Amino acid sequence: MKNALLIFDLDGTLIDSVPDIAIAVNQTLSDLQRQNFDENQIRNWVGNGAKVLIQRALTASQSTDVDEIILDNALQRFFYHYAQKTCEKTIPYQGVTDGLNRLKQAGYTLSIVTNKPAQFVPAIVQTLGWQGLFSHILGGDSLPVKKPDPLPLLTTCQTLGFDVADSYMIGDSKNDVLAGKNAGMTTLALSYGYNYGEDIRSFEPDMTFDSFADLTQYLLN
């Protein structure tokens, strides 16, 4: 039996959630009589939490320079719209559900640390039939800081009683790799997710996999 902790990112690692996120972003922009964007453009803005996502949508760029009153209004509208369609078009990546079940059965402890607001995670876990798989879940607003800060990872280790040396950070973006490195743990990266158009390998994770099935096989071996 494997006695180690696997800390998974969510969006871009376990699930492709951009179709639902894009709908909510564009509904928010329409409310504000602003330009809508196609799904691929919005995909490049995902990964740093809802606030930064909406800042990027409002500026139509990677910029986060937005008036706070306008931002707060837009963010509340986004939360409203996303709550209506949190997991309507969201799907797990190929091999994820099978891989998670196999890893759990092998004795690994599974957890999620995501920059997505925590309120949206339970509906996704339930809709995808993943109840009982994860021993601990932290969202981007569960603590005062989010990835790439190491605190969410270190808090998960402490909560579940694992040493950093027996823990792995698994994600698709530079925020995941940097959080793992900042926490001093092994980082495993997936190349297929959301990383702002950058090659995840350039951030030097310990290993990179092109599919969840390959990651699963590595961990089982």
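The values are calculated or read from the model by the stated rules, or taken from the named source; none is laboratory data. In this text the structure is predicted, and so the values were computed from the model without any measurement. Here the Cβ positions follow ideal geometry from the backbone for every residue, glycine too, while neighbour counts run over all protein chains shown. We work out accessible area using only protein heavy atoms, side chains counted, and drop any ligands, DNA or RNA first. Shrake-Rupley method; radii C 1.70, N 1.55, O 1.52, S 1.80 Å.
Is it true that Thr28 is in contact (Cβ under 8 Å) with a residue 24 or more places away in the chain and more than 30 Å from Ser167 (Cβ to Cβ)? Answer is yes for this residue.
Pairs meeting the criteria (first residue in the stretch 123-143 and of a type in the set (Asp, Glu), second residue open to solvent by less than 40 Å² (accessible area, probe 1.4 Å) and not in a helix (DSSP H, G or I), beta carbons under 7 Å, at least 6 apart or on different chains) are Asp141/Pro117. Looking across the stretch 40-66, just one residue is in a helix (DSSP H, G or I), touching a helix residue (DSSP H, G or I) at 6+ places or on another chain (Cβ under 9 Å) and exposed (fewer than 14 other Cβ atoms within 10 Å of the Cβ), and that is Asn40. Among residues of the stretch 65-80 that are over 11 Å from Lys51 (Cβ atoms), those with a Cβ under 9 angstrom from a residue that is of a type in the set (Ser, Thr, Tyr) and in a helix (DSSP H, G or I), sequence gap 6+ or separate chain, pair up as Asp65/Thr59; Arg77/Thr28; Tyr80/Thr28.
Within the stretch 149-166, residues that are free of Cβ contacts under 8 Å to residues at least 24 places away in the same chain have Cβ atoms under 6 Å from residues that are open to solvent by 30 Å² or more (accessible area, probe 1.4 Å) and of a type outside the set (A, V, I, L, M, F, W, C) in these pairs: Thr159/His136; Val164/Gly184, counting only partners at least 6 apart in sequence or on another chain. Of all residues in the stretch 104-116, none are part of a helix (DSSP H, G or I), touching a residue at least 12 places away in the same chain (Cβ under 8 Å) and under 16 Å from the mean Cα position of the chain (by Cα). Against the list (1) open to solvent by less than 40 Å² (accessible area, probe 1.4 Å); (2) farther than 19 Å from Glu198 by Cβ; (3) of a type in the set (Gly, Ala, Ser), the condition Ser30 fails is (1). Restricting attention to the stretch 161-195, the residues that are open to solvent by 10 Å² or more (accessible area, probe 1.4 Å) and part of a strand (DSSP E or B) total 2.
Yes/no per residue for (1) farther than 22 Å from Leu53 by Cβ; (2) of a type outside the set (Val, Ile, Thr):
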{"position": "Ser173", "(1), (2)": "no, yes"}
{"position": "Val177", "(1), (2)": "no, no"}
{"position": "Met185", "(1), (2)": "yes, yes"}
{"position": "Tyr194", "(1), (2)": "no, yes"}
{"position": "Asp210", "(1), (2)": "yes, yes"}
